[in-house]
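The values are calculated or read from the model by the stated rules, or taken from the named source; none is laboratory data. On a predicted model such as this, the values are computed, not experimentally measured, just so you know. Here the Cβ is made from the backbone with ideal geometry for all residues, glycine too, and neighbour counts use every protein chain on show. These area figures cover heavy atoms from the full protein model, side chains too; ligands, DNA and RNA do not enter into them. Shrake-Rupley method; radii C 1.70, N 1.55, O 1.52, S 1.80 Å.
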Amino acid sequence: MAEFETPANLAFNREAIADPAAFAREAEAASWLYLCGEEFASMDGGMSYADVQAAVPESANVVSDPPRVMDLELARRQVAALDELPRPTLVTCRVGPRSSALVYLYAGLKAGATADEVLARAEADGAPFAGSDELRAWVTRGLDELS
């Protein structure tokens with residue numbers, strides 16, 4: 001098998017998104033998987049799912065932000081949503097760790113990659129989740145149990 005590559009048709013955020021429409025335009029996104037709940041919209045610098053819906057032709061919302069636990073049931077719902085969305089697809093959370101973990105998990109599942117390959121690529125890419133033991137374990141579990 002070829003070396004696991006950085007996911008090409010999925011993009012995640014690395015910071016809060018100030019302008020959802022501009023973010024989607026710059027990525028030439030056909031769709032968006034939004035991982036935040038409505039409580040984020042009321043926070044300073046937050047955005048709503050309605051902002052996402054206004055920015056792209058197709059979207060889905062699988063609420064995955066804290067205090068929700070990143071477990072395998074949530075991973076299954078996220079993966080199912082990504083399977084339905086056209087590419088290129090944005091995947092975003094508040095500032096990037098959860099969305100980047102999902103992008104690498106999904107791409108790893110589709111490529112048949114090992115956890116070591118996915119985590120090494122995430123580290124090389126500086127993916128926001130790479131510094132989180134909890135999210136690294138979630139990606140590893142997901143690759144082991146969802147493949």
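Counting only protein heavy atoms and using a 1.4 Å probe, the accessible area of Arg136 comes to about 50 Å².
Annotation: per residue accessible area for the stretch 93-139 equals 37 Å², rounded to a whole number [probe 1.4 Å, protein chains only]. With a 1.4 Å probe and all protein chains left in place, how much of the accessible area of the chain comes from carbon and sulfur atoms, in whole percent? Exposed carbon and sulfur together represent 49 percent of the surface. Measuring nothing but alpha carbons in the chain and taking Rh as the Kirkwood radius, the Rg to Rh ratio lands at 0.94.
Would you mind finding the longest exposed-site-free stretch of the chain, with exposed GluC sites (Glu not before Pro) meaning DSSP loop and at most 13 other Cβ atoms within 10 Å? The longest such stretch corresponds to 29-147. Across the stretch 7-55, Cα-Cα distances exceeding 12 Å account for 63% of all pairs.
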